[in-house]
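In what follows, a single structure is set out as structure tokens and then discussed.
The values are calculated or read from the model by the stated rules, or taken from the named source; none is laboratory data. Just so it is clear, the structure is predicted and the values come from calculations on it, not from any experiment. Here the Cβ is made from the backbone with ideal geometry for all residues, glycine too, and neighbour counts use every protein chain on show.
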Amino acid sequence: METISLAVRPFWPASCLLVVILQLSPPARAEMSAWADNEGGRMRLIALSPDASGKIRAGLQIEPKPGWITYWREPGNSGIPPQVSFSSDAVFLDKMSYPIPKHIVDGKVDEVAYDASVTFPLQLTAKDAATHEIKANAFIGICKEICIPFQAELSLTFEPSAQSRPAEEAILKAAAATLPEAASSEFKVDHHTLSADTTELSLSITLPESGESAPEVIVAGPSGHVFTKQMATHRDGNRFTTKLAVGKLPKGYNVHGKTWSALVIDGSRAIETPLVFE
């Protein structure tokens, strides 16, 4: 497992000792695809039948094996964010959501990732509400001592019956419950400022409850950059201030007009909110 750095994520050269494992899964007669397996874990597609307007609730379920991890949407340069595409113009991906990850720090390891089963909720639209099959291409990174790009073709067929699908519904409901909250008056980033030399990001945060410990703060900046190192923190009840170290940004990068995002994890609650730079 490699340490996250703050450089732009590089292209994976053919010379790297990384093996792309392609799994072809036949259509499954249910609203779950067959599992695709590799050395570090497995994944599958889950979906409910299209509603009258063609909207489909779906999810990409990943189960890393013990000791393995898979990545959040912005892993830095050492990981691969989860990606899903659909192989025909009959179904479109409207949105992919990301459950609250862990900031895993252990010696040289510094990862924003998942070390247990995780389901990424997907919002899809079918051109035709009578669509009976979905074919998707999923590409993730799954890592232990090494990182293995894991690619799989996943497909499922909707049963014609209109009966409920309790197993699929339970998995998707549980996945939705793992997403960060929207910012609110009781839990929000009040102010953010990037230093003139772009090396420090200062944040002022309202937390949902009083406490003493510092919350986790994960900031996703330009693509390939994630900032987690807090250099100075102060918590007074539900008021919290911190400064995050910002590594080298892309050459010529101008933050004005850009939007980053901050994930704040305080105990069992978390928000993800945009940071807009005027």
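Taking each residue of segment 113-130 that is over 21 Å from residue 144 (Cα atoms) and looking for partners that are among the aliphatic types (A, V, I, L, M) and part of a loop (DSSP other than H, G, I, E, B) with beta-carbon atoms closer than 6 Å, six or more apart or interchain, yields 127/90; 129/52.
Across segment 44-58, which residue is surrounded by the most Cβ atoms within 10 Å (Cβ to Cβ) among those that are over 18 Å from residue 155 (Cβ atoms) and of a type in the set (Gly, Ala, Ser)? Filtering first and then ranking leaves 54. On the stretch given as segment 41-76, residues that are free of Cβ contacts under 8 Å to residues at least 60 places away in the same chain and farther than 26 Å from residue 228 by Cα total 1. When segment 107-150 is filtered for residues that are at pLDDT 85 or above, more than 29 Å from residue 227 (Cβ to Cβ) and of a type in the set (S, T, N, Q), the ones remaining, listed by number, are 125, 137.
The conditions of being within 20 Å of residue 71 (Cα to Cα) and either in contact (Cβ under 8 Å) with a residue 24 or more places away in the chain or outside the structural domain of residue 75 (by TED's automatic domain parsing) (or both) are met by residue 272.
Per-residue answers, yes or no, for (1) farther than 26 Å from residue 231 by Cβ; (2) exposed (fewer than 11 other Cβ atoms within 10 Å of the Cβ); (3) not small (Gly, Ala, Ser):
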position	(1), (2), (3)
165	yes, no, yes
179	yes, no, yes
187	no, no, yes
198	no, no, yes
204	no, no, no
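Residues in segment 124-135 that are in a strand (DSSP E or B) and aliphatic (A, V, I, L, M) were compared, and the one that is farthest from residue 37 (Cα to Cα) is 126. If you scan segment 223-237, which residues turn out to be touching a residue at least 24 places away in the same chain (Cβ under 8 Å), surrounded by 15 or more Cβ atoms within 10 Å (Cβ to Cβ) and not hydroxyl-bearing (Ser, Thr, Tyr)? If the condition is that a residue be touching a residue at least 24 places away in the same chain (Cβ under 8 Å), surrounded by 15 or more Cβ atoms within 10 Å (Cβ to Cβ) and not hydroxyl-bearing (Ser, Thr, Tyr), then 224, 225, 226, 227, 235 are the ones that fit. Among the residues of segment 83-101, those identified as crowded, with 17+ Cβ neighbours inside 10 Å and either under 29 Å from residue 229 (Cα atoms) or touching a Cys at 6+ places or on another chain (Cβ under 9 Å) (or both) are 96, 97, 98, 99, 100, 101.
Of all the listed residues (49, 78, 53), the sole one being out of contact with any Pro (no Cβ under 7 Å at 6 or more places or on another chain), at pLDDT below 95 and under 17 Å from residue 103 (Cβ atoms) is 78.
Every test in (1) at pLDDT below 95; (2) more than 30 Å from residue 62 (Cα to Cα) is passed by residue 190 save one, and that test is (1). Scanning segment 59-82 for residues that are loosely packed, with under 15 Cβ neighbours inside 10 Å and either assigned to a strand (DSSP E or B) or not charged (D, E, K, R) (or both) returns 66, 67.
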